[in-house]
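Accompanying notes for the structure given below.
The values are calculated or read from the model by the stated rules, or taken from the named source; none is laboratory data. A quick note: this is a predicted structure, and the numbers were derived from the prediction, not measured. Methodologically, a virtual Cβ is constructed for each residue, glycine included, from the backbone with ideal geometry; neighbour enumeration extends over all protein chains shown.
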């Protein structure tokens, strides 16, 4: 659930599903969210969060688990396969990551929000656009999904090839830390635009987010591995038993996502003053 600037709420998704009756055009349903007073943000039910009443919290968690699993299985899988036969190539790896994110956004964005990344979940939460009460469960299912996908890859291809998908700084750790912060900032900035701004073309969100992932991978992959996602690094590291520089891929993405979310909040066009925006976010988080 993410909050738009007009005080409507969504599920922290690049898609929003309207709960208004009488909608006949499914594409229009993605463009509107139901309204909810600001004071009730963290206690409202899904029916007034831009989520269909028929979608339960458990269904959202299952969708988030599946989307994260597919992301890690495909993304780390293509690296593992490339290490085995060299057929995928580096550009191909970047394309697979971007296309998988795009597919998952379109597949479950209207169900769970398709965060598939605890840094994105926290980014929405710290900016007042996702309820903190849902953050722990989202992070748990994301971590379990990434670990399970990594276990399956190890079983299929062996530890030696799986380890190739573990993100490790190619130079000094501080260089990779800064790079992970910047590219995750960039990613979250784009996500905030398509997920929370009414002027953005929401139905192009999958392309925007997937394209950002692909560009970041092409740019930062040779240096830091372009993780942008703590569980993308944690899952293969735990299963592969290789933890070199793992802290970089935890602190960098979390800090970058939080900063990116706040930055978009501050530059978006609004009739509210900066003081009013800050006060509103503080009240929501409290």
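Quick notes on this one:
- Residue, farthest from residue 73 (Cα to Cα), within region 246-270, restricted to residues that are modelled with pLDDT under 95 and assigned to a loop (DSSP other than H, G, I, E, B): 270
- Residue that is modelled with the lowest pLDDT, among those in region 199-210 that are within 13 Å of the chain's Cα centre (by Cα) and crowded, with 21+ Cβ neighbours inside 10 Å: 205
- Check on residue 137, within 22 Å of residue 189 (Cα to Cα) and either modelled with pLDDT of 95 or more or surrounded by 23 or more Cβ atoms within 10 Å (Cβ to Cβ) (or both): no
- Region 117-127, residues that are more than 13 Å from the chain's Cα centre (by Cα) and assigned to a loop (DSSP other than H, G, I, E, B): 127
- If you check 239, 231, 223 for being within 27 Å of residue 127 (Cα to Cα) and touching a helix residue (DSSP H, G or I) at 6+ places or on another chain (Cβ under 6 Å), only one passes: 231.
- Scan region 196-232 for residues that are under 20 Å from residue 109 (Cβ atoms) and not in a helix (DSSP H, G or I) and the total you get is 7.
- Residue satisfying condition, being in a helix (DSSP H, G or I) and either within 18 Å of residue 229 (Cα to Cα) or in contact (Cβ under 8 Å) with a residue 60 or more places away in the chain (or both), within set 189, 130: 189
- If you check 88, 74, 114 for being within 14 Å of residue 165 (Cβ to Cβ) and in a loop (DSSP other than H, G, I, E, B), only one passes: 88.
- Residue within region 168-180 that is surrounded by fewer than 20 Cβ atoms within 10 Å (Cβ to Cβ), within 25 Å of residue 104 (Cα to Cα), within 15 Å of the chain's Cα centre (by Cα) and in contact (Cβ under 8 Å) with a residue 24 or more places away in the chain present: no
- Scanning region 234-257 for residues that are under 14 Å from the mean Cα position of the chain (by Cα) and surrounded by 24 or more Cβ atoms within 10 Å (Cβ to Cβ), we see that the one that is nearest to residue 165 (Cα to Cα) is 253.
- Residue match in region 137-144 (condition: more than 30 Å from residue 83 (Cα to Cα) and part of a helix (DSSP H, G or I)): yes
- Applying the set (1) surrounded by fewer than 21 Cβ atoms within 10 Å (Cβ to Cβ); (2) at pLDDT 95 or above; (3) within 16 Å of the chain's Cα centre (by Cα) to residue 213 leaves exactly one unmet item: (1).
- For region 170-184, the criterion of being touching a helix residue (DSSP H, G or I) at 6+ places or on another chain (Cβ under 8 Å) and in a loop (DSSP other than H, G, I, E, B) is met by at least one residue.
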